[in-house]
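Student: Mind having a look at this structure? Questions to follow.
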Amino acid sequence: MLSDSERALARAVLIHGPISRSELTSRLGLSPPSLTRLAKPFLDRGLMVELDDRSDGSVGRPVRPLDVRPGLAHFAGVKITGQALHVVATDVRAGLLAYEEHPLQRRDPEGVAAEIARAVRGLGVDRLAGVGVSLGGAVRDGRVEFAPFLDWTDVPLAALVEAELGVPASIENDLVALAEAERWFGRGAGIPGFVVITIGAGIGYALVVNGQAVHSREAGVGLGGHIPLAATGPVCHAGHRGCAEAMLTSGSIAAQVSAALQRPVDYDEVLRLAAAGDPAATTVVDEAADALGRLVAMAANLTLQPAAVLAGEGIGLFALAEDRVRAAVAADRDPRAEPVGLYVDDSGFSAWARGAATIAIQDAVDRIDLDQVEQELLPIPAP
């Protein structure tokens with residue numbers, strides 16, 4: 001397996017490439033000869049390539065940046081919800097190649113694993129190097145300790161998926177996986193610390209500190225959903241008034257406007273009505289925007305990370321009421337504190353599935369054995 005230095009090099013080129021050798025030596029704290037020694041086996045085995053000479057603007061000969069070999073491998077990512085499988089095919093940098101949604105027909109672990117395998121095969125991916133699966137709940141060492149919406153406890157999901165597909169499977173909590181994707185390849189790339197807040201059917205929260213995502217069993221408990229945000233807000237299913245779940249979930253927002261209009265409306269219609277100036281929808285959306293700003297400010301204040309990535313299938317709220325959200329963030333921050341940077345991932349459910357693929361990519365990097373690789377990242381045939 002890779003040494004720590006080799007793994008750091010592989011990750012740096014994967015995340016930041018094409019990247020010059022001078023930037024790599026600075027980023028990794030290596031001397032030029034050490035970098036040359038570490039890079040040689042990756043180049044010899046076709047895992048990395050040197051690109052054509054290009055000038056970096058400095059005096060001297062042009063640089064030859066390092067990058068991963070094009071088409072090195074493909075990965076699949078699967079986000080499981082209570083109703084559907086959201087499935088993506090990606091390249092080695094979690095770039096989206098295909099996205100599909102499949103209704104979840106079964107809830108038993110063996111049945112879900114079989115459905116995952118069918119969905120992944122349906123993507124038609126060649127040279128599949130691994131599959132990542134994410135879901136709400138607590139995950140450890142390839143096992144789902146609990147997933148309430150599936151009524152699972154202690155399920156060996158990684159082993160079940162591997163048996164179906166014949167490729168390595170990586171399992172992770174969906175929020176942690178999303179944070180990893182944003183950290184490596186998404187809106188948080190290059191930001192040393194940030195919070196991830198998702199809104200949609202539920203409220204999600206994850207954290208990156210000092211360039212590392214926080215992996216915790218608590219991520220699957222949903223602790224961010226019941227933070228109080230509005231003293232006179234609606235009541236959530238657990239009886240908490242004005243909590244994040246009551247103020248920000250798509251179901252609660254739609255229910256409030258439906259009650260005001262005395263007809264059923266869904267979340268997307270609420271946003272359309274508010275954009276058109278409907279008074280009932282505008283009132284609910286404004287209150288939700290204020291609550292989102294308070295939640296962002298609270299997260300930044302308590303974690304000391306002055307940046308936030310906003311995501312989830314309900315993030316259209318931010319696009320509609322961005323000024324109001326930003327004003328609420330500023331109102332709850334000390335004026336001497338840094339302004340909170342807001343970064344929005346509006347790709348919806350595909351972002352969750354790309355998070356799962358990122359976990360598979362990370363595990364694939366850790367599995368590389370330079371003594372066994374010959375012109376392939378992982379010489380595993382597609383199923």
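Student: Anyone know which of ARG121, ARG27, ARG140 comes out most mobile in the 10 Å Cα GNM of the chain?
Tutor: Looking only at ARG121, ARG27, ARG140, the largest GNM fluctuation is found for ARG27.
Student: First measure r as the distance between the Cβ atoms of SER22 and MET1, then evaluate 1/(1 + (r/R0)^6) with R0 = 30 Å and state the FRET efficiency to the nearest 0.05.
Tutor: Details: r = 28 Å, r/R0 = 0.93.
That gives a FRET efficiency of 0.60.
Student: Round to the nearest 0.05 the FRET efficiency obtained for ALA330 and ALA163 when R0 = 35 Å and r is the Cβ-Cβ distance.
Tutor: Details: r = 52 Å, r/R0 = 1.49.
With a Förster radius of 35 Å, E is 0.10.
Student: Taking the chain as the reference, fit the longest principal axis to its C-alpha atoms, fit the long axis of helix 109-122 to the helix C-alpha atoms, and give the angle between the two in degrees, 0 to 90, nearest 10.
Tutor: 60
Student: Something else about it: Report the charge-dipole magnitude of region 189-344 in Debye, nearest 20, computed about the Cα centre from +1 at each Lys and Arg Cβ and -1 at each Asp and Glu Cβ.
Tutor: Numbers: 9 positive and 15 negative charges, 56 e Å.
Magnitude of the dipole: close to 260 debye.
Student: Also: Percent antiparallel among DSSP beta bridges with both residues in the chain, to the nearest 5?
Tutor: On the way: 34 of 54 bridges.
In the chain, DSSP labels about 65 percent of beta bridges as antiparallel.
Student: At a 1.4 Å probe, what is the % contribution of carbon and sulfur to the accessible area of the chain?
Tutor: On the way: 8650 of 16880 Å².
Looking at the chain in its full context, I get 51 percent from C and S.
Student: Positive end of the charge dipole of the chain (Lys, Arg +1 and Asp, Glu -1 on Cβ, about the Cα centre): tell me which of ALA8, VAL125, HIS226 has its Cα farthest that way.
Tutor: ALA8
Student: In a Gaussian network model over the chain where Cα atoms closer than 10 Å are linked, find which of ALA189, ALA129, ALA353 has the largest mean-square fluctuation.
Tutor: Most flexible of the set in this elastic network: ALA189.
Student: A follow-up question, please. What residue among VAL196, VAL87, VAL214 shows peak mean-square fluctuation when the chain is described by a Gaussian network model with Cα springs under 10 Å?
Tutor: Of VAL196, VAL87, VAL214, the Gaussian network model singles out VAL214 as fluctuating most.
Student: Something else: Between SER258 and THR36, what FRET efficiency comes out of the Förster formula 1/(1 + (r/R0)^6) with R0 = 45 Å and r the beta carbon distance, rounded to 0.05?
Tutor: 0.10
Student: About the Cα centre of region 259-383, how large is the charge dipole given +1 on each Lys and Arg Cβ and -1 on each Asp and Glu Cβ? Please answer in debye to the nearest 20.
Tutor: Numbers: 9 positive and 21 negative charges, 105 e Å.
Using only the charged Cβ atoms, the result is roughly 500 debye.
Student: Now, a different point. Enumerate the amide H contacts of ALA73 below 5 Å, restricted to partners 5 or more residues apart or on another chain; note that Pro and chain-start residues carry no placed amide H.
Tutor: VAL92
Student: Hey, another quick one. How big is D for region 138-216, in µm² s⁻¹ as a whole number, if Stokes-Einstein is applied with the Kirkwood radius of its Cα pairs at 10 °C and 1.306 mPa s?
Tutor: Numbers: Rh = 13.8 Å.
After rounding, the answer is 115 µm²/s.
Student: What's the Cα-based Rg to Rh of region 189-344, Rh via Kirkwood? Could you put the intermediate results ahead of the total?
Tutor: Working: Rg = 15.3 Å, Rh = 15.7 Å.
Rg/Rh for region 189-344 comes to 0.97.
Student: To continue, here is another question. Would you grab the residues whose amide H sits under 5 Å from the one on ALA98? Only those 5+ places off in sequence or on another chain, please, with H modelled 1.01 Å from N.
Tutor: Those qualifying (amide H under 5 Å, at least 5 residues apart or on another chain) are ALA89.
Student: Let me ask something additional. How much length is gained on full extension from GLU110 to ASP366, taking 0.36 nm per residue of separation minus their Cα-Cα distance?
Tutor: Numbers: separation 256, 0.36 × 256 = 92.16 nm, distance 2.75 nm.
So the extension gain works out to 89.4 nm.
Student: Further, regarding this structure: Return one whole number: the accessible area per residue of the chain in Å², for a 1.4 Å probe.
Tutor: Working: 16880 Å² over 383 residues.
Here the per-residue accessible area is 44 Å².
Student: Another question, if that's okay. Hey, any idea what the orientation-averaged projected area of the convex hull of region 176-222's Cα atoms comes to, in nm²?
Tutor: Convex hull of Cα atoms, orientation-averaged projection: 3.1 nm².
Student: Stretch HIS102-GLU269 to full length: gain in nm at 0.36 nm per residue minus the Cα-Cα span?
Tutor: Details: separation 167, 0.36 × 167 = 60.12 nm, distance 2.36 nm.
Extra length available between HIS102 and GLU269 comes to 57.8 nm.
The values are calculated or read from the model by the stated rules, or taken from the named source; none is laboratory data. Just so we're clear, the structure is a prediction, and the values are computed from it rather than from any experiment. Neighbour counts run over all protein chains shown; Cβ positions are idealised from the backbone, glycine included. To get the accessible areas, we keep the full protein, side chains included, count just its heavy atoms, and leave off ligands, DNA and RNA. Shrake-Rupley method; radii C 1.70, N 1.55, O 1.52, S 1.80 Å.
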